[in-house]
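The values are calculated or read from the model by the stated rules, or taken from the named source; none is laboratory data. All of these numbers come straight from a predicted model, not from anything done at the bench. Methodologically, a virtual Cβ is constructed for each residue, glycine included, from the backbone with ideal geometry; neighbour enumeration extends over all protein chains shown. Protein only, heavy atoms only, side chains kept; ligands, DNA and RNA dropped before computing areas. Shrake-Rupley method; radii C 1.70, N 1.55, O 1.52, S 1.80 Å.
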Amino acid sequence: MKNGKLGVCLIGAGRAGMIHAVNFRAQVPNAYLAAVVEPSDAARAEACSTLGIETSYADYKDALANPEIDAVVIVTPTKYHCEIALAAAAAGKHILCEKPMAMTEEECILMEEAAKKHKVKLQVAFMRRFDTSFVEAKRIVESGDIGDVVMVRSNTRGPSTPKPWMYDISKSNGPLAEVNSHDIDTLRWFTGSEYAFLYAIGGNYRCPDAKKDYPDFYDNVVLVAGFKNGMQGMIDGAQGVKYGYDARVEILGTKGCIFLGRTQERPIQVCTDNMKRYDEFTNSWRFLFKDAYLEEDKAFADCVLNDTEPLVTGYDGRMAVKIVNAGNLSIARKEVIVL
């Protein structure tokens with residue numbers, strides 16, 4: 001470590017990757033951005049220019065040989081997560097892995113075992129657990145102010161249509177992974193329990209180009225679940241909704257309810273003389289959870305430097321992947337999956 005600060009390498013300079021990079025570049029007090037890995041020459045050059053750093057690599061393996069790098073943030077397509085995490089652990093680098101953790105539960109187990117074997121930290125990036133409103137809701141649930149939790153409902157709907165590579169469920173694990181991993185974890189977190197059974201339905205309503213070659217692709221999904229402690233859960237996810245980025249949660253208890261989620265980008269509402277009212281719907285998760293990403297990155301650096309357990313573990317990531325795969329199986333078979 002340089003001057004007692006954690007040297008962090010970003011692997012994958014896409015949209016989410018750059019959020020982490022900007023945080024580690026200047027906003028995480030006990031860490032610094034040591035390097036960037038990005039196979040695209042143009043994207044790599046642009047990232048280095050934006051971030052004001054010189055050290056970069058096209059291949060993550062070259063970065064892992066750099067002794068100044070203490071930790072990596074993996075923000076690549078999901079199918080590469082396991083491979084990179086195993087190599088990083090073997091090189092003694094701590095790991096912050098974006099969601100979904102991996103493609104299968106088996107890959108997640110390999111990642112957990114590698115981190116344990118090589119004595120490195122493995123944190124999964126469920127940033128909503130670090131959002132101030134989610135943290136406050138968790139405190140209220142634990143205080144008993146709304147009684148016993150009965151049901152948790154969570155939705156994530158994105159405005160943009162999926163990238164073509166996402167049409168292949170075998171490569172992307174579908175919207176349940178790409179869109180709803182956070183919702184799956186949210187239900188686990190607020191119920192304090194594991195999924196016991198689930199039933200999911202999916203359909204393609206907005207992506208006609210995918211129907212011929214990828215008939216199993218869905219851009220809209222609804223999942224209902226029962227938990228081992230008797231609580232109930234509901235998730236809905238959608239891509240290409242156009243109207244904005246929509247992430248909301250309801251936690252229903254025996255004595256009350258908590259409503260989470262901010263839909264307005266600016267706290268302004270306009271009323272006109274035609275008796276119409278309008279406001280602006282937020283259009284990006286990058287705006288909505290900007291502060292949560294920063295708190296997540298700070299927590300990762302702290303757990304490494306203080307040798308404490310990550311607040312979101314590999315087990316948490318694995319349980320979400322397990323539900324993604326079970327949900328996809330339920331959609332394909334049109335039946336309830338018992339876990």
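How large is the accessible surface of Glu112 in square angstrom, using a 1.4 angstrom probe and rounding to the nearest 10?
Around 40 Å² of this residue is reachable by solvent.
Which loop trypsin sites (Lys or Arg not before Pro) in region 248-339, with loop taken from DSSP, have no more than 15 other Cβ atoms within 10 angstrom of their Cβ?
For trypsin sites (Lys or Arg not before Pro) across region 248-339 that sit outside H, G, I, E and B with at most 15 neighbouring Cβ atoms in 10 Å, the list reads Lys255, Arg262, Lys276, Lys334.
Rounded, prolate or oblate, given the Cα gyration tensor of region 221-339, with a/c below 1.5 counting as rounded?
oblate
Could you let me know the centre-to-centre spacing of region 8-62 and region 174-200, using Cα atoms, in angstrom?
Here the answer is 30 Å between Cα centres.
At 0.36 nm per residue, minus the direct Cα-Cα distance, what do Gln264 and Asn66 gain on full extension? Give it in nm, one decimal, please.
Stretched fully, the Gln264-Asn66 segment lengthens by 66.9 nm.
Can you work out the Karplus-derived ³J(HN,Hα) for every residue in region 24-33? Use 6.51 cos²θ - 1.76 cosθ + 1.60 with θ = phi - 60°, whole Hz, and x for glycine or proline.
6, 5, 8, 10, 9, x, 9, 8, 8, 7
Keeping all protein chains in place, calculate the accessible area per residue for region 178-271 (probe 1.4 angstrom), answer in Å².
Normalised by residue count, the accessible surface of region 178-271 is 48 Å².
How large is the convex hull of the C-alpha atoms of region 1-89 per residue, in Å³?
For region 1-89, the hull spanned by Cα atoms encloses 86 Å³ per residue.
Counting each DSSP H run of 4 or more residues in the chain as -39500 (n - 2.57), what helix-only mean residue ellipticity at 222 nm follows after dividing by all residues, to the nearest 500 deg cm²/dmol?
The helix contribution divided over the chain gives -10500 deg cm²/dmol.
Measuring from label point to label point, each 7 Å out along Cα→Cβ, what is the Thr161 to Arg333 span in nm?
If labels sit at Thr161 and Arg333, their model points lie 3.3 nm apart.
Straight-line reach only, C-alpha to C-alpha below 19 angstrom: list the aspartates and glutamates that Lys119 could link to, leaving out same-chain residues fewer than 8 apart.
Glu68, Asp70, Glu83, Glu107, Asp302, Asp307, Glu309, Asp316
Taking region 150-235, which trypsin sites (Lys or Arg not before Pro) meet the DSSP loop condition and have no more than 10 other C-beta atoms within 10 Å?
Within region 150-235, the qualifying trypsin sites (Lys or Arg not before Pro) (loop, at most 10 other Cβ atoms within 10 Å) are Lys212.
Carbon-plus-sulfur fraction of the accessible area of region 18-176, 1.4 Å probe, in percent?
53 percent
What is the distance, in nm, between label points placed 7 Å from the Cα along the Cα-to-Cβ direction at Lys211 and at Phe197?
In this crude spin-label approximation the distance works out to 3.4 nm.
Name the residues whose placed amide hydrogens come within less than 5 Å of the amide hydrogen of Phe197, ignoring near sequence neighbours (fewer than 5 apart) on the same chain.
When sequence neighbours closer than 5 places are left aside, the close amide H contacts are Gly226, Leu339.
Rounded, prolate or oblate, given the Cα gyration tensor of the chain, with a/c below 1.5 counting as rounded?
rounded
Given the C-alpha centroids of region 120-153 and region 242-313, what is the distance between them in whole angstrom?
Each part reduced to its Cα centre gives a spacing of 13 Å.
Within the chain, which whole H helices from DSSP have a Cα span along their axis of at least 20 Å and a mean Kyte-Doolittle hydropathy of -0.5 or more, if any?
Length and hydropathy pass: 290-305, 314-333.
Lysines near Lys117 by alpha-carbon distance under 18 Å, same-chain residues fewer than 8 away left out - which ones?
Output for Lys117: Lys93.
Past the 13 angstrom mark, what percentage of all C-alpha to C-alpha distances in region 282-339 do you count?
Distances greater than 13 Å cover 72 percent of the Cα pairs.
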